[in-house]
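Worksheet: one structure, shown below.
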Amino acid sequence: MSNFFSDIFVSPGGPLKYYVDGAWKSSTSGKTVPIINPSTGKVAYEVQACTTAEVDQIFLAARAAQPQWSKTPLWRRVELLRRAAEILRENKEPIAECLVREVAKPYKDAIAEVERTADLIIYTAEEGSRHLSKGQMLLPDAFPGQTRNKLCLSSRVPHGIVLCIPPFNYPVNLAASKIAPALMAGNAVVLKPPTQGAVAGVHMLRCFSEAGFPPGLINLATGRGSEIGDYMTMHQEVDCVSFTGGDTGLGICRKLGMVPIQMELGGKDVCIVCEDADLDVAVKHILKGAFSYSGQRCTAVKAVLVQHKVADVLVERLAKGVKDLRVGSPEGRADVDIVPVVSASSADFIEQLSIDAANKGAEFVTGPFRREGNLIWPSLIDKVTTDMRLAWEEPFGPILPVIRISNPIEGVEHCNRNRLALQGCVFTQNLDQAIALSDAMRTGTVQINAAPARGPDHFPFQGFRDSGIGSQGVTNSLDLMTKVKSTVINLKQDTYTLG
């Protein structure tokens, strides 16, 4: 491990520290949380089990640092964020190695995540400078009965403290997608990384700590969500919450009251394949969309709904592609497609969905369900019906159900009946049909002739129903992490500007 990261360890190879008020510290609890390598089943790291008192200290530090930061010029915020991105890019290899060991991400994908994150931070800084420098002046006489005797000046101001909670599958990129707009908008940040993903999060924050931000502006608490998660989300000092994860977010939403929130909570992204679809394009995108990172993505293809006329051909071609996927551990920078899922409980859940489908008559086209520890071989499961759990639930793993439909409207209806509604996609060569189906699908985003995806990162990204609340994307996040402030100047007489 690079000497650059020596400060974040209690001792070489020992537990990692948490970060508060510009200092790396060990918890007074004397306890740590083991981080299990999904590929080996062995402890790879340990992180601090922070106490609620330490969480209080973190929020106090953030509160003290934020007022001065809100007065920092936009150009200076840009400089510091750019520096953080540069440091992150310079240290991409050790951070990628953490992602391999901690969440079993293939090395090339881990490197790509860090590089994308650096790009995202820089883009956020530059776009934030433009977006936040724009105020608005309103004149009163557009409203009936009013004359021009007032000037209303409005601008966007920070909330105060933003609590950022990213998920395990992109613990670097999805942390930065929250941290960067929060800082650019003038807020202080408290990061609570996922338990599995905390190590990469700590390494990423080390890059921010080196960039020159004031002490207390950026802080990090580690520990189990079951122990400090609720305490942090309900903390009286929280002014805004940005959360990416699962159903835990639903409970957070119900408790937060008047605190602004941004949530992305997963999806059951349907893929409708029409009988006129270009099957070469559909097969390519479905395979990548369903099985990249073993399907552990909120935007993974999680159900294919294909018209009967082309179903046999599509299934045959998908099956060939599935059988060509390389399965194994990403350890040692192995070039593999299917890696172990993040935990034994995740693997158990995927297996339960597969057993339910098999018991109810689904056809396992690529062979019977196969599992070794957390490693699950990819499965293409045909003739799935709506009485099967797999038709509705999000597996977050490398199993892909195929549901045969008579017409595209059946696919739309299936999409709209699910409580999850993050994204979907449609494959057709008829543009009019594509737009009509997209309009009818009640989901956050519909991709035409491509698999669901988050990004580019400045595109809006949102879920409907239980998939989320609020919209991400750089400018949307900047808006969520600020509020509108108005000043009204009352004049003694009407005034009209002359040209």
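The values are calculated or read from the model by the stated rules, or taken from the named source; none is laboratory data. Please read these numbers as outputs of a predicted model, since none were measured by experiment. In this analysis, Cβ positions are derived from the backbone assuming ideal geometry, glycine residues included, and neighbour counts consider all displayed protein chains. Accessible surface is based on the protein model in full, side chains and every heavy atom, while ligands, DNA and RNA are left aside. Shrake-Rupley method; radii C 1.70, N 1.55, O 1.52, S 1.80 Å.
When the label point is put 7 Å from the Cα of N430 along its Cα-to-beta-carbon vector, which residues of region 443-459 have a backbone N closer than 18 Å?
Once the point is set 7 Å along Cα→Cβ of N430, 448-450 turn out to lie under 18 Å by backbone N, inside region 443-459.
Round to the nearest 0.05 the FRET efficiency obtained for V484 and K42 when R0 = 45 Å and r is the Cβ-Cβ distance.
Values: r = 51 Å, r/R0 = 1.14.
About 0.30, to the nearest 0.05.
Which cross-chain or sequence-distant (5 or more) residues have an amide H under 5 Å from the amide H of Q447, H modelled 1.01 Å from N in plane?
G424, C425, V426
If you stretched the chain out fully between K320 and K492, how much longer would it get, using 0.36 nm times the residue separation minus the C-alpha to C-alpha distance? It would help to have the intermediate numbers written out before the result.
Numbers: separation 172, 0.36 × 172 = 61.92 nm, distance 7.85 nm.
Using 0.36 nm per residue and subtracting the Cα-Cα distance, I get 54.1 nm.
Hey, what number do you get for the chain at 222 nm if only DSSP H runs of n ≥ 4 count, each worth -39500 (n - 2.57), divided across all residues, to the nearest 500? Write out the running numbers ahead of the final one.
Numbers: 14 runs with 183 residues, N = 499.
It comes out at -11500 deg cm²/dmol, rounded to the nearest 500.
Can you list the residues of region 287-308 with backbone N under 20 Å from a point 7 Å past the Cα of A334, pointing along Cα to Cβ?
Residues passing the 20 Å test: 291-296.
If you plug each phi of region 276-284 into the Karplus form 6.51 cos²θ - 1.76 cosθ + 1.60 with θ = phi - 60°, what whole-Hz ³J(HN,Hα) values come out, in order, with x for Gly and Pro?
9, 5, 6, 5, 4, 5, 4, 4, 4
With a ≥ b ≥ c the root eigenvalues of the C-alpha gyration tensor of the chain, is it rounded (a/c under 1.5), prolate (a/b larger than b/c) or oblate?
Judged from the Cα gyration tensor, the chain comes out oblate (a/c at least 1.5, b/c at or above a/b).
Based on the Cα atoms of region 354-448, what semi-axes does the equivalent ellipsoid have, where each is the square root of 5 times one gyration tensor eigenvalue, given in whole Å with the largest first?
Working from the Cα gyration tensor, I get semi-axes of 27, 14, 13 Å.
Take the cross-link list K150/K483; K17/K192; K42/K320; K92/K302; K25/K71; K17/K105 and give me the ones stretching past 25 Å between alpha-carbons.
Beyond 25 Å: K42/K320; K92/K302; K25/K71.
Could you give the length gained on full extension between R82 and R417, defined as 0.36 nm per residue of separation minus the Cα-Cα distance, in nm?
Full-extension gain reported as 116.2 nm.
Percent relative contact order of region 14-88, based on C-alpha pairs within less than 8 angstrom and at least six residues apart?
On the way: 70 pairs, mean separation 19.5, N = 75.
After rounding, I find 26 percent.
So for the pair A344, K108, with labels modelled 7 Å out along Cα→Cβ, what separation do we get in nm?
Using points 7 Å along Cα→Cβ, the separation is 3.3 nm.
Ignoring ligands, DNA and RNA, what percent of the 1.4 Å accessible area of region 150-262 is carbon and sulfur?
On the way: 1680 of 3110 Å².
The value for region 150-262 is 54 percent carbon and sulfur by accessible area.
If you put +1 on each Lys and Arg Cβ and -1 on each Asp and Glu Cβ, how big is the dipole of the chain around its Cα centre, in Debye rounded to 20?
1080 debye
Provide, as a two-decimal number, the C-alpha radius of gyration of region 28-70 over 2.2 N^0.38 Å, N being how many residues it has.
So region 28-70 has a normalised radius of gyration of 1.73.
In Å, what is the Rg of the alpha-carbon atoms in region 243-335, and how long is Dmax?
Cα radius of gyration and Dmax of region 243-335 are 17.9, 52 Å respectively.
Which trypsin sites (Lys or Arg not before Pro) does region 80-167 hold that lie in a coil by DSSP with at most 13 other beta carbons within 10 Å?
Here the trypsin sites (Lys or Arg not before Pro) that fit, given the DSSP loop and packing criteria, are K134.
From Cα pairs below 8 angstrom and at least 6 apart in sequence, can you work out the relative contact order of region 47-144, rounded to a whole percent?
After rounding, I find 30 percent.
Rolling a 1.4 Å sphere over the protein heavy atoms, what is the accessible area per residue of the chain, to the nearest Å²?
Details: 20470 Å² over 499 residues.
The answer is 41 Å² per residue.
What percent antiparallel are the DSSP beta bridges of the chain, to the nearest 5?
That works out to approximately 45 percent antiparallel.
Could I have the simple spin-label model distance between L153 and D141, label points 7 Å from Cα toward Cβ, reported in nm to one decimal?
2.1 nm
For region 343-368 and region 246-263, write down the distance between their C-alpha centroids in whole Å.
Taking the Cα centre of each part, region 343-368 and region 246-263 sit 31 Å apart.
To the nearest 0.05, what FRET efficiency results for A440 and S11 with a Förster distance of 56 Å applied to their C-beta separation?
0.45
So what is the relative contact order for the chain, in percent, with contacts set as C-alpha pairs under 8 Å and at least six apart? Spell out each step's value before the answer.
Working: 1128 pairs, mean separation 87.7, N = 499.
Once normalised by length, the contact order is 18 percent.
Taking only the alpha-carbon positions of region 34-113 and ignoring solvent, what does the Debye formula give for the base-10 log of I(q)/I(0) at q = 0.13, 0.23, 0.24, 0.27 Å⁻¹?
-0.71, -0.98, -1.00, -1.08
On full extension of the chain, what length is gained from D312 through F459, given 0.36 nm per residue of separation minus the C-alpha to C-alpha distance?
That works out to 49.4 nm of additional length.
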